[in-house]
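Asks: Dropping a structure here in structure tokens format, bear with me for questions.
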């Protein structure tokens with residue numbers, strides 16, 4: 001299984017995307033930054049502009065800053081050569097990172113499979129492109145499916161298409177496809193709806209500002225956290241402003257790992273660190289004032305105080321009326337051996 005290849009859960013995918021701006025040297029630096037931050041995988045987007053968009057395709061609001069007339073022109077500026085990805089994959093693996101890339105067309109899909117990627121990531125925009133999903137499924141590789149902009153019925157069709165074409169493993173990523181995504185539209189509970197509806201692993205592809213959504217998704221049981229990052233948020237390009245910088249990416253990794261540790265075990269019991277404190281902070285039955293040998297115990301001469309080295313407070317009804325075998329000082333915890341056996 002794809003996720004079991006990695007030591008930790010959730011898997012953290014550092015989404016470089018197109019934040020290399022078409023520059024392979026910048027892409028290499030993104031890989032190095034992701035490794036230094038402690039991510040599990042690095043992800044790019046592999047495409048030929050002519051396969052993705054036509055000159056009739058307008059730009060989204062977050063894409064307009066690039067100054068391209070349409071999406072085709074935008075994507076041309078952000079392309080890397082297929083040969084670049086061979087080097088990028090090798091460098092990622094050299095640094096201990098898993099390598100992922102989203103194919104945005106059949107040529108890109110064939111190329112990525114030819115260089116031995118372990119899994120395929122499907123972008124949200126392809127969820128209704130069922131012919132393409134069928135080709136991906138036929139590659140019989142684990143597949144991560146982003147579900148931004150979709151409803152539950154569209155997700156169901158996409159899953160069915162992948163499974164019927166031979167996909168052996170599907171991981172669903174809840175996503176809000178806006179850059180940056182408004183906090184009140186992240187809808188993290190929808191991630192749980194996906195898990196409950198399809199009995200598949202789920203995660204979050206996060207386009208929000210900051211790391212809070214990733215932390216919350218971890219607490220809700222996400223198996224994967226994917227987050228865009230950049231070397232410089234002020235660089236020109238459609239995704240930089242909504243991406244984390246390397247320091248923020250490291251903070252996300254640390255916060256997700258800490259949150260995972262905090263989730264711990266579902267068993268409610270005293271932890272190892274708590275056990276040493278029980279006797280100190282719990283109470284036991286003590287003498288309220290000095291009790292003489294042979295004196296009967298009553299509500300008036302008993303109280304409950306720390307430490308818990310005497311009889312537990314729950315047994316107070318069993319103590320009243322019994323006689324003390326010995327003298328008991330004020331505040332002294334009372335033990336069973338201090339009492340006569342008959343009330």
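Asks: Can you name the residue in segment 116-153 that is more than 24 Å from the chain's Cα centre (by Cα), in contact (Cβ under 8 Å) with a residue 24 or more places away in the chain and part of a helix (DSSP H, G or I) and is also nearest to residue 85 (Cα to Cα) among such residues?
Replies: If we take residues in segment 116-153 being more than 24 Å from the chain's Cα centre (by Cα), in contact (Cβ under 8 Å) with a residue 24 or more places away in the chain and part of a helix (DSSP H, G or I), then 136 is nearest to residue 85 (Cα to Cα).
Asks: State yes or no: is residue 234 within 21 Å of residue 258 (Cα to Cα) and assigned by TED's automatic domain parsing to the domain that holds residue 31? Spell out how you get there, then give the answer.
Replies: Working: within 21 Å of residue 258 (Cα to Cα): no; assigned by TED's automatic domain parsing to the domain that holds residue 31: yes.
So residue 234 fails the test.
Asks: Could you tell me which residue of segment 291-301 is surrounded by the most Cβ atoms within 10 Å (Cβ to Cβ), considering only residues that are in a loop (DSSP other than H, G, I, E, B) and touching a residue at least 24 places away in the same chain (Cβ under 8 Å)?
Replies: First, the residues of segment 291-301 that are in a loop (DSSP other than H, G, I, E, B): 292-295, 297-298.
Narrowing further to those that are touching a residue at least 24 places away in the same chain (Cβ under 8 Å): 292-295, 297.
Numbers: 292: 11, 293: 11, 294: 11, 295: 14, 297: 24.
Applying the filter and picking the extreme gives 297.
Asks: Here's a check for you: in segment 160-173, which residue that is out of contact with any helix residue (DSSP H, G or I) (no Cβ under 6 Å at 6 or more places or on another chain) and assigned to a helix (DSSP H, G or I) is farthest from residue 195 (Cα to Cα)?
Replies: By that ranking, first place goes to 164.
Asks: Need at least 1 residues that are within 27 Å of the chain's Cα centre (by Cα), on the phi > 0 side of the Ramachandran plot and touching a residue at least 60 places away in the same chain (Cβ under 8 Å) per element, so show me which strands (runs of 3 or more DSSP E) inside segment 1-115 make the cut, counting only ones lying wholly within it.
Replies: So the answer is 11-17.
The values are calculated or read from the model by the stated rules, or taken from the named source; none is laboratory data. As the structure is a prediction and not an experimental result, all values here were calculated from the model. All Cβ positions, glycine included, derive from the backbone under ideal geometry; neighbour counts span all protein chains shown.
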